[in-house]
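Asks: Have a look at this one.
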Amino acid sequence: MDAATTRAWQTGVLAPDKLEHVSLAFTSGLAIGVWSRAPLGAAGGALALGLAKELVDRRRSRFDPGDLAADGLGAVLAGIATRSLDR
């Protein structure tokens, strides 16, 4: 594996950091959704937490739109999963 391939894996869409953002947003959003039974609340709550984390990161390092996009994906998945609870 060359350096460019290694770098792409570490920083691309499937980078461990991005997968952590997706999974944490999904988990937190689903917890909100199970409690509230509100799919929009699940997605909105998860996205709000992701945005808050990125704003905190901006003070220490930098705001990463890719991380926020991964949070958005997890939030949408949490909203979908919450919606399926009532079926």
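The values are calculated or read from the model by the stated rules, or taken from the named source; none is laboratory data. Keep in mind that what you see is a predicted model, and the values were worked out from it rather than measured. Methodologically, a virtual Cβ is constructed for each residue, glycine included, from the backbone with ideal geometry; neighbour enumeration extends over all protein chains shown. Just so you know, the surface numbers come from the protein's heavy atoms only, side chains and all, with ligands and any DNA or RNA stripped out. Shrake-Rupley method; radii C 1.70, N 1.55, O 1.52, S 1.80 Å.
Asks: Return the residues of region 8-22 that are more than 9 Å from the chain's Cα centre (by Cα), open to solvent by less than 40 Å² (accessible area, probe 1.4 Å) and under 15 Å from residue 71 (Cβ atoms); say none if nothing qualifies.
Replies: The one that is more than 9 Å from the chain's Cα centre (by Cα), open to solvent by less than 40 Å² (accessible area, probe 1.4 Å) and under 15 Å from residue 71 (Cβ atoms): 15.
Asks: If you check 25, 43, 38, 48, which single one turns out to be more than 19 Å from residue 13 (Cα to Cα), open to solvent by less than 40 Å² (accessible area, probe 1.4 Å), under 12 Å from the mean Cα position of the chain (by Cα) and among the hydrophobic types (A, V, I, L, M, F, W, C)? Please lay out each step first, then the result.
Replies: Numbers: 25 fails: more than 19 Å from residue 13 (Cα to Cα); 38 fails: under 12 Å from the mean Cα position of the chain (by Cα); 48 fails: open to solvent by less than 40 Å² (accessible area, probe 1.4 Å).
Step by step, each of 25, 43, 38, 48 is checked, and only 43 is more than 19 Å from residue 13 (Cα to Cα), open to solvent by less than 40 Å² (accessible area, probe 1.4 Å), under 12 Å from the mean Cα position of the chain (by Cα) and among the hydrophobic types (A, V, I, L, M, F, W, C).
Asks: Now a separate question. Examine region 52-62 for a residue that is at negative phi, among the aliphatic types (A, V, I, L, M), free of Cβ contacts under 8 Å to residues at least 40 places away in the same chain and open to solvent by less than 60 Å² (accessible area, probe 1.4 Å), and state whether such a residue exists.
Replies: Yes, that holds for at least one residue.
Asks: Keeping to region 66-87, report how many residues are more than 11 Å from the chain's Cα centre (by Cα) and either buried (at least 18 other Cβ atoms within 10 Å of the Cβ) or free of Cβ contacts under 8 Å to residues at least 24 places away in the same chain (or both).
Replies: So the answer is 4.
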